Amino acid sequence: MKQNSEAAPTPVRVAPGAQIDETAVLGPGTAVWELAQIREKAVLGENCVVGRGSYVGPGVHIGDRVKIQNQALVYEPAELGDGVFVGPAVVLTNDHNPRSVDPEGQLKRGGDWQPVGVTVAEGASLGARSVCVAPVRVGRWAMVAAGAVVTRDVPDFALVAGVPARRIGWVGRAGERLRELPGPAGIWECPRTRVLHAEKDGVLTEVPPPPAPRPAA
């Protein structure tokens, strides 16, 4: 196990019973709890939390401040952006056509199939026991409801639920469901932060705040 920092890093914390491959890279401040397994050449950023009994596959790339809760399974070649939340018992798959054996009935080995990955963008959250069926992308600050099965890409800021998962609303960075404002169609507001968002053609973007007034001369 290597620590991904150079100057006065915050120590990495690894609980007894965790299995960390010596080629894995863990950023400063990252904590790995009991019975978690982090495979070869996986890279985790700073201040991550890897919960009890969770699994991070070979070569998986994980950003900073990511939480992977107990029993979650993150199979290669998944990529998780900064600030992602992976709830308890979440599964990120990596085989679109899973078989134990080939057409001749022989046990498939690592080189007998092409793994495909799940990408989870910055700030997104995956609720408990949700499943992302690769290949699929979960957009920035999106939220996947508990128990949902994601089979197609999730737009930025989307709230999706169900089997298969479908968009049922929008959420902001605070995780609160956005409310549509009266007036011009497609303007949404976060009830906590009051940040505005604009919807156009099924795409939601944050509305930049107005520029601060210039001081009088």
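Please indicate, with yes or no, whether at least one residue in region 124-138 is free of Cβ contacts under 8 Å to residues at least 12 places away in the same chain, touching a strand residue (DSSP E or B) at 6+ places or on another chain (Cβ under 8 Å) and more than 21 Å from K41 (Cα to Cα). Among the residues of region 124-138, not one is free of Cβ contacts under 8 Å to residues at least 12 places away in the same chain, touching a strand residue (DSSP E or B) at 6+ places or on another chain (Cβ under 8 Å) and more than 21 Å from K41 (Cα to Cα), which makes the answer no. Reported count of residues in region 197-212, each being surrounded by fewer than 10 Cβ atoms within 10 Å (Cβ to Cβ) and of a type in the set (A, V, I, L, M, F, W, C), is 1. Residues that are charged (D, E, K, R) and either farther than 26 Å from G81 by Cα or touching a Leu at 6+ places or on another chain (Cβ under 6 Å) (or both) within region 91-122 comprise R99, D102, E104, K108, R109, D112, listed in sequence order.
Only residues that are of a type in the set (G, A, S) and within 8 Å of the chain's Cα centre (by Cα) were counted across region 112-134, and they come to 4. Is there a residue in region 145-161 that is basic (K, R) and in the same structural domain as G57 (by the TED database)? Within region 145-161 (the criterion being basic (K, R) and in the same structural domain as G57 (by the TED database)), the answer is yes, since at least one residue qualifies. For region 25-56, a residue qualifies if it is among the aromatic types (F, W, Y) and either in a loop (DSSP other than H, G, I, E, B) or surrounded by 24 or more Cβ atoms within 10 Å (Cβ to Cβ) (or both), and exactly one does: W33. Given the criteria touching a strand residue (DSSP E or B) at 6+ places or on another chain (Cβ under 6 Å), among the aliphatic types (A, V, I, L, M) and surrounded by fewer than 16 Cβ atoms within 10 Å (Cβ to Cβ), does V144 qualify? So V144 does not fit the description; no. Only one entry in A161, A165, A134 is farther than 15 Å from F85 by Cα, touching a His at 6+ places or on another chain (Cβ under 9 Å) and small (G, A, S), namely A134. Figure legend. Inter-residue proximity from region 161-173: first residues within 26 Å of V207 (Cβ to Cβ), second residues in a strand (DSSP E or B) and acidic (D, E), beta-carbon distance below 9 Å, spacing 6+ or different chains. Indicated pairs: W170/E180; W170/E199; G172/E189; G172/E206; R173/E206. Checking each residue in region 102-118 for being closer than 22 Å to V91 by Cα, small (G, A, S) and either in contact with a helix residue (DSSP H, G or I) (Cβ under 8 Å, 6 or more places away or on another chain) or modelled with pLDDT of 90 or more (or both) picks out only G117. In region 156-177, the count of residues that are farther than 26 Å from A78 by Cα and either at pLDDT below 95 or within 22 Å of the chain's Cα centre (by Cα) (or both) is one or more.
The values are calculated or read from the model by the stated rules, or taken from the named source; none is laboratory data. This is a predicted model, so every value here is computed, not measured. All Cβ positions, glycine included, derive from the backbone under ideal geometry; neighbour counts span all protein chains shown.
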